[in-house]
Amino acid sequence: MRLVLKGEGLRGLKNPRVEGEALVTQMPISFLGFVDPNTGTVIQKGHELEGKSIKGKVLVFSTGIGSTVGSYVLINLANRGLAPKAIIQRESDTVTLVGAVIGEIPLVHRLEKDPLAVIKNGDRVMVDSEKGIVEIEKREGSG
């Protein structure tokens, strides 16, 4: 099953269209302290994604939290090839947005349907941040 959602995207990136496997959490993320800057692995104790790498994934989460230094962590992850391929949020926050802009990470938010309700871990997701479009190819058995 394929689902196409429209929202608002980050424009002006060199490569606004990417595809990858979804990594989804209902919990907010702080890139400073929650994510190991040397590996791209979520290290926050008790976080839904603890022990999982965000590297090369389409990271789907509600919003970012924490210090503005989180933007720099996200930028450094991008520069080192450890960042997500794309970010999808319910509502983008300033920290994540700044990190995505400077790190050249496609980002889409304010989708017509709640991305946390329709995207599941392992779904194949195409993000076009220039057009604000997200295409979801449901993984077998993910509903």
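Give the relative contact order (percent, whole number) for the chain; include only Cα pairs under 8 Å separated by 6+ residues.
Dividing the mean separation by the residue count of the chain yields 36 percent.
Tell me, Ile88, Ile65 in order of fewest to most beta-carbon neighbours within 10 Å?
Final ranking by Cβ density, sparse to dense: Ile65, Ile88.
Who wins for biggest fluctuation among Ile43, Ile54, Ile75 in a Gaussian network model of the chain, springs between alpha carbons below 10 Å?
It is Ile43.
Would you kindly derive the ³J(HN,Hα) couplings of the stretch 78-93 from the backbone phi angles with the Karplus curve 6.51 cos²θ - 1.76 cosθ + 1.60 (θ = phi - 60°), listing them in order in whole Hz, with x for Gly and Pro?
Here the 3J(HN,Hα) series is 5, 5, 9, x, 10, 7, x, 5, 7, 10, 10, 10, 4, 9, 5, 9 Hz.
Mind giving me the nanometre distance, one decimal, between the label points for Arg17 and Ser67, set 7 Å out from Cα along Cα→Cβ?
4.0
Given a Förster distance of 22 angstrom, what is the FRET efficiency for Thr94 paired with Glu130, based on the Cβ-Cβ distance and rounded to 0.05?
With R0 = 22 Å, the Cβ-Cβ based efficiency is 0.55.
Calculate the dipole size of the stretch 2-137 relative to its Cα centre from +1 charges on Lys and Arg beta carbons and -1 charges on Asp and Glu beta carbons; express the result in debye to the nearest 20.
It comes to approximately 180 debye.
Among (1) 2, 8, 10, 9, 8, 7, 7, 6, 6, 5, 5, 5, 4, 4, 3, 3, 2, 2, 2, 1, 1, 1, 1, 0, 0, 0; (2) 2, 9, 18, 22, 23, 15, 7, 3, 1, 0, 0; (3) 2, 12, 22, 27, 21, 12, 4, 0, which is the computed P(r) over Cα pairs in 5 Å bins from 0, in percent?
(3)
Of Asn15, Val134, Leu82, which is farthest towards the positive pole of the stretch 1-142's charge dipole, taken about the Cα centre with +1 and -1 on the beta-carbons of Lys, Arg and Asp, Glu respectively?
Asn15
Using a cut-off of under 16 Å, list every residue of the stretch 11-48 whose amide N is near the label point 7 Å from the Cα of Glu104 along the Cα-to-beta-carbon line.
11-19
Which residues does the label zone of Ser53 cover in the stretch 20-35, counting backbone N under 17 Å from a point 7 Å along Cα→Cβ?
Label zone hits: 20-24, 35.
Using a 10 Å cut-off around each Cβ, can you sort Met126, Met1 from fewest to most neighbouring Cβ atoms?
Fewest-to-most Cβ neighbours within 10 Å comes out as Met1, Met126.
If amide H atoms are built 1.01 Å from N in the plane of the peptide, which residues on other chains or at least 5 residues away come under 5 Å of the amide H of Gly56?
Correct list: Ala83, Lys85.
None of the figures in this text is laboratory data; all of them are computed from the coordinates on show. Here the structure is a predicted model, which is why all the values come from computation and not from measurement. All Cβ positions, even for glycine, are placed from backbone atoms using ideal geometry, and neighbour counts span all protein chains on display.
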